[in-house]
Amino acid sequence: MWTGEQVGKDNHAVIISSCINKSNNVFDLETQKCLRKFRDNLSEKLVTDVLNSIKNPKLGVEFFMWTGQQVGYSHSYKVYDVLLDVMGCGNSG
């Protein structure tokens with residue numbers, strides 16, 4: 001069973017992905033303004049969920065770079081693996 005907190009965090013991934021996907025393929029100040037609202041909630045799960053939901057690999061890399069610069073958050077090996085998959089470099093075998 002999901003708690004309200006889990007539902008809220010999953011919703012964060014949907015909102016962040018939506019901000020990025022509707023950005024006309026540009027990671028601009030407006031996109032970053034939207035993301036700033038969520039920087040205190042960054043976690044491995046949130047970042048991987050967002051990366052898996054971003055349609056444009058270039059924007060996925062931009063999001064990855066932005067999250068890596070946020071105080072209090074650092075990428076895990078799993079996040080790097082998901083980034084490689086998003087870029088099409090994942091292991092397909």
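No lab work stands behind these numbers, since they all come straight from the coordinates. All values derive from a computational prediction rather than experimental measurement. With ideal geometry, Cβ positions are generated from the backbone for all residues, glycine too; neighbour counts draw on all protein chains shown.
The label point for residue 39 and the one for residue 26, both projected 7 Å from the Cα toward the Cβ, are 2.2 nm apart. The modelled label-to-label distance for the pair residue 18/residue 65, using points 7 Å beyond Cα in the direction of Cβ, is 2.7 nm. The overall shape of the stretch 32-87 is oblate: from the C-alpha gyration tensor, with semi-axes ordered a ≥ b ≥ c, the ratio a/c is 1.5 or greater and a/b is no larger than b/c. Taking θ as phi - 60° and the Karplus parameters 6.51, -1.76 and 1.60, the scalar couplings of the stretch 62-72 work out to 4, 5, 4, 5, 4, 5, x, 8, 7, 4, x Hz in sequence order, x denoting glycine and proline. Sequentially through the stretch 45-53, phi angles give Karplus couplings (6.51, -1.76, 1.60; θ = phi - 60°) of 5, 4, 5, 5, 4, 5, 4, 6, 9 Hz, Gly and Pro residues having no value and appearing as x. Computed 3J(HN,Hα) for the stretch 22-27, one whole-Hz value per residue from the Karplus formula 6.51 cos²θ - 1.76 cosθ + 1.60 where θ = phi - 60°, is 8, 7, 6, 6, 10, 8, glycine and proline marked x.
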